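The values are calculated or read from the model by the stated rules, or taken from the named source; none is laboratory data. Just so we're clear, the structure is a prediction, and the values are computed from it rather than from any experiment. Cβ sites come from the backbone with ideal geometry, for glycine too, and all protein chains shown count toward neighbours.
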Amino acid sequence: MSLQPVRGMRDLLGAEFDRQKRIVRTAEEIALLYNYESIETPIVEYTSVFKRTLGETSDIVGKEMYTFLDRNNESMTLRPEGTASVVRAIISEKLTQTLPQKRIYSGPMFRYERPQKGRYRQFYQLGVECLGQESPYADVECIALADHILKTLGIKDYKINLNTLGDLESRQLYKEALIQYFSKYEKDLSEDSRSRLERNPLRILDSKDENDQKISSTAPKFEAYLNGESKAFFETVLKGLDILKIEYELNPHLVRGLDYYCHTAFEFKTTSLGAQDALGGGGRYDGLMQQMGGPSIPGVGWAVGLDRLALLLPEFQTKPNLRIAVIPIGDELDLEAVRLTQELRSNGFTAEVFLKGNLGKRFKQADKALCSTAVVFGSDEFAQKQVKVRNLQSTETDTNKETTVDYNHLISYLSSLI
């Protein structure tokens with residue numbers, strides 16, 4: 001049996017790897033402008049970190065988590081999402097004394113789902129968390145950061161869907177109204193929605209089942225149950241986005257099913273990836289830290305899927321550079337060639353030294369390594385402190401194919417070729 005990656009997991013390399021890294025680098029640079037610092041949490045956490053936050057009855061905990069017992073019989077889980085791990089880190093590292101905590105993270109997450117385009121069992125996320133700010137302007141800034149990153153990356157095909165979940169009082173009234181409404185249609189609901197009816201009726205609103213959607217279309221609207229404080233909070237968020245000229249669409253069916261979510265909920269959607277239209281999303285989660293055993297500290301954040309973002313990333317040009325082959329003629333010059341190669345790298349050039357085989361074979365090796373330029377020298381050139389610079393992409397009839405360059409001027413000459 002030949003060794004293969006685990007189903008739903010794959011090796012990242014080449015252009016796909018470069019695209020994801022470009023997204024992360026761009027996001028981190030922009031996040032610094034908003035005073036976000038990087039954080040990296042362990043891939044493995046105690047299972048309780050996610051059971052306490054995602055809920056015993058959630059789909060992620062019940063069906064999708066990679067959970068196992070270690071040698072000490074402790075239940076461990078490969079992280080299925082980033083928010084719980086970041087909040088756990090803020091608590092365990094005693095960072096709640098220095099607020100706000102604004103953090104950006106990226107890395108692999110793990111869920112046992114049916115693999116499909118842009119969705120894998122080991123997938124990659126980029127996310128931010130802002131802890132310690134209760135102002136609605138923190139929500140505005142959080143959304144603005146995501147919008148800034150997407151626009152800078154050249155990603156245009158996305159819409160921001162927006163909704164409010166109100167405060168705890170409004171949410172409880174709305175849940176009671178939904179239970180009363182959906183109970184009349186209990187027999188017609190999907191199995192998943194029936195199981196959510198009592199414990200999590202809001203999740204029925206974002207069901208993908210067509211019949212559930214039809215029933216939900218006439219369900220009570222959240223806005224009728226929002227108290228004055230919740231309405232004022234959401235209106236401030238909308239005014240903030242308007243003044244920043246960030247476009248959004250109100251979506252009353254956009255929900256978050258867990259009780260610690262409140263007020264603003266948002267999602268980034270695209271029409272370019274077929275049925276898998278969600279790039280990511282986020283919202284305010286003022287009750288999460290307290291639920292994890294920490295103090296009552298408000299939070300807001302978002303996460304986007306790097307796998308899907310990479311599919312939308314426009315083609316980009318890498319920074320112009322030369323890929324240089326260093327080819328000495330004569331074994332006695334091997335050490336000098338090694339030294340020259342390192343000097344070229346120290347000056348910002350991509351360089352590779354070729355020491356084995358005859359001259360023709362070395363040029364073939366350089367061509368295979370995609371080198372565009374060769375620096376060639378033998379004993380005579382070395383004695384005169386000169387090298388020959390050959391354009392490996394030129395034709396046989398090109399008169400500029402090879403140039404003799406004074407060694408002391410080599411770096412400046414190569415720089416002029418870029």
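Which of the following residues is outside any helix (DSSP H, G or I) and out of contact with any Lys or Arg (no Cβ under 6 Å at 6 or more places or on another chain): LYS151, LYS102?
Every option except LYS102 fails the conditions.
Report, by residue number, each residue of region 214-223 that is part of a helix (DSSP H, G or I) and either in contact (Cβ under 8 Å) with a residue 40 or more places away in the chain or farther than 14 Å from TYR181 by Cα (or both).
Matches in region 214-223: PHE222, GLU223.
Please indicate, with yes or no, whether at least one residue in region 288-298 is within 18 Å of the chain's Cα centre (by Cα) and not small (Gly, Ala, Ser).
For region 288-298, residues within 18 Å of the chain's Cα centre (by Cα) and not small (Gly, Ala, Ser): absent.
Can you work out which of the residues in region 154-193 that are of a type in the set (A, V, I, L, M) and part of a helix (DSSP H, G or I) is surrounded by the most Cβ atoms within 10 Å (Cβ to Cβ)?
Going through the qualifying residues, I end up with LEU178.
Within region 352-383, work out how many residues are assigned to a strand (DSSP E or B), under 11 Å from ALA337 (Cβ atoms) and either under 39 Å from the mean Cα position of the chain (by Cα) or free of Cβ contacts under 8 Å to residues at least 12 places away in the same chain (or both).
Within region 352-383, residues that are assigned to a strand (DSSP E or B), under 11 Å from ALA337 (Cβ atoms) and either under 39 Å from the mean Cα position of the chain (by Cα) or free of Cβ contacts under 8 Å to residues at least 12 places away in the same chain (or both) number 2.
Please enumerate the residues belonging to region 384-393 that are in a strand (DSSP E or B), more than 15 Å from ASP334 (Cα to Cα) and within 46 Å of the chain's Cα centre (by Cα).
LYS388, VAL389, ARG390, ASN391
Could you figure out which of (1) part of a helix (DSSP H, G or I); (2) at pLDDT below 90 isn't true of PRO252?
(1)
If the Cβ limit is 9 Å and pairs must be 6+ apart or interchain, which residue in region 226-240 that is assigned to a helix (DSSP H, G or I) and acidic (Asp, Glu) pairs with which residue that is at pLDDT 95 or above and crowded, with 19+ Cβ neighbours inside 10 Å?
GLU235/PRO136
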